[in-house]
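Note sheet for the following structure.
The values are calculated or read from the model by the stated rules, or taken from the named source; none is laboratory data. This is a predicted model, so every value here is computed, not measured. All Cβ positions, even for glycine, are placed from backbone atoms using ideal geometry, and neighbour counts span all protein chains on display. For the accessible areas, the whole protein counts, side chains as well, though only heavy atoms, and no ligand, DNA or RNA atoms are used. Shrake-Rupley method; radii C 1.70, N 1.55, O 1.52, S 1.80 Å.
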Amino acid sequence: QVQLVESGGGLVQAGGSLRLSCAASGRTFSGYAMGWFRQAPGEEREFVAGFSVSGGRTRYADSVKGRFTISRDNAKKTVYLQMNSLKPEDTAVFYCAAKNVYFGDTTYSQRRDYDYWGQGTQVTVSS
């Protein structure tokens, strides 16, 4: 019921910043929890950040706490991931994900929890 398109990836030097965007379209009659994941070559897709349906609860991977911030603009139906102080180990394809939520306001950090995925956007951090 929802389509997700990521953008904003690119090449940046270590210590730099990028802001990723995830534009959502489609039916929005039910609520969605949102998340960002990333996948480096040869690695499994891992959770980066997420928020609950209301946006009132957020969760971050330990590796990005204090550096990344997830946010959203409901009017634009867009989710953002502001990434500061980027490190080479942040290099990965970043994916936006949405989960149908019918009850509750919790966050989700497992890949299997999510129902919809974007195509991904490449983030490369050089040293």
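Condition first: surrounded by fewer than 16 Cβ atoms within 10 Å (Cβ to Cβ) and part of a strand (DSSP E or B). Now tell me which residues in the range 70-102 satisfy that.
The first filter runs over the range 70-102 and keeps only residues surrounded by fewer than 16 Cβ atoms within 10 Å (Cβ to Cβ), leaving 71-77, 82, 84-85, 87-89, 100, 102.
SER71, ARG72, ASP73, GLN82, ASN100, listed by residue number.
Can you tell me which residue among ALA23, ALA49, ALA14 is in contact (Cβ under 8 Å) with a residue 60 or more places away in the chain and of a type in the set (A, V, I, L, M)?
Values: ALA23 fails: in contact (Cβ under 8 Å) with a residue 60 or more places away in the chain; ALA49 fails: in contact (Cβ under 8 Å) with a residue 60 or more places away in the chain.
After ruling out the rest, the residue left standing is ALA14.
Given the conditions (1) open to solvent by 70 Å² or more (accessible area, probe 1.4 Å); (2) more than 16 Å from GLN110 (Cα to Cα); (3) outside any loop (DSSP other than H, G, I, E, B), report the number of the one that GLY66 does not fulfil.
Of everything listed in (1) open to solvent by 70 Å² or more (accessible area, probe 1.4 Å); (2) more than 16 Å from GLN110 (Cα to Cα); (3) outside any loop (DSSP other than H, G, I, E, B), GLY66 misses just condition (3).
Pairs needed: first member in the range 54-77, on the phi > 0 side of the Ramachandran plot; second member anywhere, open to solvent by less than 90 Å² (accessible area, probe 1.4 Å) and of a type in the set (Lys, Arg); C-beta distance under 9 Å; at least 6 residues apart or different chains.
GLY55/ARG72
Please go through the range 65-117 and pick out each residue that is over 14 Å from the mean Cα position of the chain (by Cα), aliphatic (A, V, I, L, M) and more than 15 Å from SER52 (Cα to Cα).
Passing the criteria: ALA75, LEU86.
Can you tell me which residue is farthest from the chain's Cα centre (by Cα) among those in the range 1-17 that are among the β-branched types (Val, Ile, Thr) and open to solvent by less than 30 Å² (accessible area, probe 1.4 Å)?
In the first step, residues of the range 1-17 are kept if they are among the β-branched types (Val, Ile, Thr); the result is 2, 5, 12.
Imposing the further condition that a residue be open to solvent by less than 30 Å² (accessible area, probe 1.4 Å) reduces the set to 2, 12.
Working: VAL2: 15, VAL12: 18 Å.
Selected residue: VAL12.
Looking at (1) open to solvent by 20 Å² or more (accessible area, probe 1.4 Å); (2) part of a loop (DSSP other than H, G, I, E, B); (3) within 16 Å of PHE37 (Cα to Cα); (4) not polar (S, T, N, Q), which is the one condition that is false for ARG112?
The single condition ARG112 does not satisfy is (2).
Can you tell me which residue within the range 115-127, out of those that are in a strand (DSSP E or B) and polar (S, T, N, Q), is least open to solvent (accessible area, probe 1.4 Å)?
From the range 115-127, those in a strand (DSSP E or B) are 116-117, 121-126; that's our starting set.
This time we only want the ones that are polar (S, T, N, Q), so: 121-122, 124, 126.
On the way: THR121: 18, GLN122: 89, THR124: 49, SER126: 45 Å².
Filtering first and then ranking leaves THR121.
How many residues does the range 37-63 contain that are farther than 21 Å from ARG112 by Cβ and either within 14 Å of the chain's Cα centre (by Cα) or modelled with pLDDT of 95 or more (or both)? Please lay out each step first, then the result.
Going residue by residue through the range 37-63, those that are farther than 21 Å from ARG112 by Cβ are 41, 54-56.
Okay, now just the ones that are also either within 14 Å of the chain's Cα centre (by Cα) or modelled with pLDDT of 95 or more (or both), so 55.
Total meeting the criteria: 1.
Restricted to the range 18-48, and to residues that are part of a strand (DSSP E or B) and over 19 Å from VAL2 (Cα atoms), which residue is most open to solvent (accessible area, probe 1.4 Å)? Explain how you work it out, then say what you get.
So the first thing to find is which residues in the range 18-48 are part of a strand (DSSP E or B), and the list is 18-26, 31-39, 46-48.
Add one more test, that the residue is over 19 Å from VAL2 (Cα atoms), and what stays is 18-19, 38-39, 46-48.
On the way: LEU18: 30, ARG19: 130, ARG38: 15, GLN39: 50, GLU46: 85, PHE47: 27, VAL48: 1 Å².
In this case the residue turns out to be ARG19.
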